[in-house]
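Before any comments, here is the structure.
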Amino acid sequence: MNQTTHISSCQDTATVEAQPVSRILASLAQEAAQQVYPDATLYVVATPIGNLCDISVRALHVLAMADVIACEDTRNSGQLLARYGISKPMLAAHQHNEREVAEKIIARLQQGQRVALISDAGTPAVSDPGARIVDAVRSADLRVMPLPGASAAISALSASGLLDAQFYFVGFLPNKPKQREQALLPLRNLQASLIFYEAPHRIHSCVESLAQVFEASRQIVLAREVSKLFEEIWRGPVSQAAAWLASSEMREKGEYVVILQGAIEVADPQQPEAERVLKILLQECGVKQAAQLTAQITGGKKNALYQLALDLTQAAAD
């Protein structure tokens, strides 16, 4: 089954009455103000990954009361904060200076200040700078408080429809094909959805590597520009992912979350050979007979081979 969904910006949706919404927000702001926000604390604050409305009232309250905001890029964060009417001193905290800036943050915390940590988008320290800072602050026996919010990985997973009971967050794969393959091979037999982040200029090579390492029938989800105006979420077999990407030049733009269905069951060492034999037999036999014969030839499990035969037949039909 292939499926693509699109969303539009909130400006294109049905108009909501502003007055009731403003009353709700005012009430929530009062509630946020009544909560306890200890000083000498590092607040790890999630910011929107696209839509500016995807920020919590509590996050806005903390950003407005913080003594300083540590951010990945002061220019990007300055523009974001300005949209919310927030103006605060900022510290650049990126991957090249985390250890140095951690010392500055610790010094401020020891003086009793509140420091908010944000990244360019989403939750800090998840494939973004921040982990070293949090580690250093905790090692100094100082408090860290997370403010949950937007995450591209979790948002895409919730819309994937994949039924795996577990997921495994991989993040960004290596740049070079050989290194990518070496990183992917140990993941073949994981019975968990695999979540990757990918940049637009590498998405084609990423999908190519996935097609080389994993079964053609595995379901893959390509989530582009999650929460933004031109969001697209496509799902289908790995064998058809490259064609979907190539069908529109727009798909070479925007950040991707890639989710791959987990292994149905732990495969045996002969799984690649079993798939090859199945493909040959399916050209001459029905699904049940092809699975039985492949089990006899390769010594594989009949039930697993039957499911694989069904997946291969479905992928060929799509």
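The values are calculated or read from the model by the stated rules, or taken from the named source; none is laboratory data. Given the structure is predicted, the values throughout are model-derived calculations rather than measurements. Note that each Cβ is placed from the backbone with ideal geometry, even for glycine, and that neighbours are counted across all protein chains shown. Just so you know, the surface numbers come from the protein's heavy atoms only, side chains and all, with ligands and any DNA or RNA stripped out. Shrake-Rupley method; radii C 1.70, N 1.55, O 1.52, S 1.80 Å.
Can you tell me what share of the DSSP beta bridges in the chain is antiparallel? A percent to the nearest 5 is fine.
Rounded to the nearest five, the antiparallel share is 50 percent.
Mind running the shape call on region 35-97? Use the C-alpha gyration tensor, a ≥ b ≥ c as the square roots of the eigenvalues: rounded below 1.5 for a/c, prolate if a/b tops b/c, oblate otherwise.
oblate
What size of dipole, in debye to the nearest 20, comes out for region 126-262 about its Cα centre when the only charges are +1 on Lys and Arg C-beta atoms and -1 on Asp and Glu C-beta atoms?
Roughly 200 debye for region 126-262.
At 1.4 Å probe size, put Ser193, Ser239 in order of accessible surface, largest to smallest.
Putting Ser193, Ser239 in descending order of accessible area: Ser239, Ser193.
With angles folded into 0 to 90 degrees, how steeply does helix 271-282 sit against the dominant principal axis of the chain? Use alpha carbons for both and round to 10.
So the helix axis and the longest Cα principal axis differ by about 50 degrees.
Given a cut-off of under 8 Å on Cα pairs at least six residues apart, what relative contact order in percent is computed for region 207-317?
Across region 207-317, relative contact order equals 25 percent.
First select every other residue whose beta carbon is under 13 angstrom from the beta carbon of Cys206; then total the charges, Lys and Arg +1, Asp and Glu -1.
0
Once the other residues with Cβ under 15 Å from the Cβ of Val36 are scored (Lys, Arg +1; Asp, Glu -1), what is the net sum?
Charge balance near Val36 sits at +1.
Could you go through region 58-68 in sequence order and give the Karplus-derived ³J(HN,Hα) for each residue, using 6.51 cos²θ - 1.76 cosθ + 1.60 with θ = phi - 60°, rounded to whole Hz, and x for Gly and Pro?
Taking θ as phi minus 60°, the curve returns 5, 4, 4, 5, 5, 4, 6, 9, 5, 6, 8 Hz for region 58-68.
Can you tell me the 0 to 90 degree angle between the C-alpha axis of helix 74-83 and the longest principal axis of the chain, rounded to 10?
Roughly 80 degrees between the two axes.
What does the accessible area of Asp54 come to, in Å² to the nearest 10, when a probe of 1.4 Å is used?
Solvent-accessible area, nearest 10 Å²: 70 Å².
Modelling each spin label as a point 7 Å along the Cα-to-Cβ direction, I'd like the Ala33/Lys104 distance in nm, to one decimal.
If labels sit at Ala33 and Lys104, their model points lie 3.2 nm apart.
If you roll a 1.4 Å probe over the heavy atoms of the protein chains, what accessible area per residue do you get for region 124-260, in Å²?
Result: 46 Å² of accessible area for each residue.
Would you mind checking the tilt of helix 203-213 against the longest principal axis of the Cα atoms of the chain, expressed as 0 to 90 degrees and rounded to 10?
In the chain, helix 203-213 runs at an angle near 40 degrees to the longest axis.
What does the charge dipole of the chain about its Cα centre add up to, to the nearest 20 debye, if the Cβ of each Lys and Arg holds +1 and the Cβ of each Asp and Glu holds -1?
I would put it at about 280 debye.
Express in Å², to the nearest 10, the accessible area of Arg188 obtained by rolling a 1.4 Å probe over the protein heavy atoms while all chains stay in place.
50 Å²
For Ala317 and Ala125, what is the calculated FRET efficiency with R₀ set at 45 Å and r taken between the beta-carbons, to the nearest 0.05?
0.55
Before anything else, pin down the relative contact order of the chain: Cα pairs under 8 Å, at least 6 apart, normalised by residue count, whole percent.
Taking the mean separation of contacting Cα pairs over the length of the chain, I get 19 percent.
Expected output is a single nm value to one decimal: the length gained when fully extending between Ala82 and Asn303, i.e. 0.36 nm times separation in residues minus the C-alpha distance. What is it?
73.7 nm
What stretch of the chain, leaving out the sites themselves, is the longest with no GluC sites (Glu not before Pro) in a DSSP loop having at most 14 other Cβ atoms within 10 Å?
For GluC sites (Glu not before Pro) (loop position, at most 14 other Cβ atoms within 10 Å), the longest site-free span of the chain is 18-264.
In nm, what is the difference between 0.36 nm times the number of residues separating Lys253 and Ala183 and their Cα-Cα distance?
Working it through step by step, the gained length comes to 22.7 nm.
What part of the accessible area of the chain, given as a whole %, is carbon or sulfur when the probe is 1.4 angstrom?
Here it works out to 52 percent.
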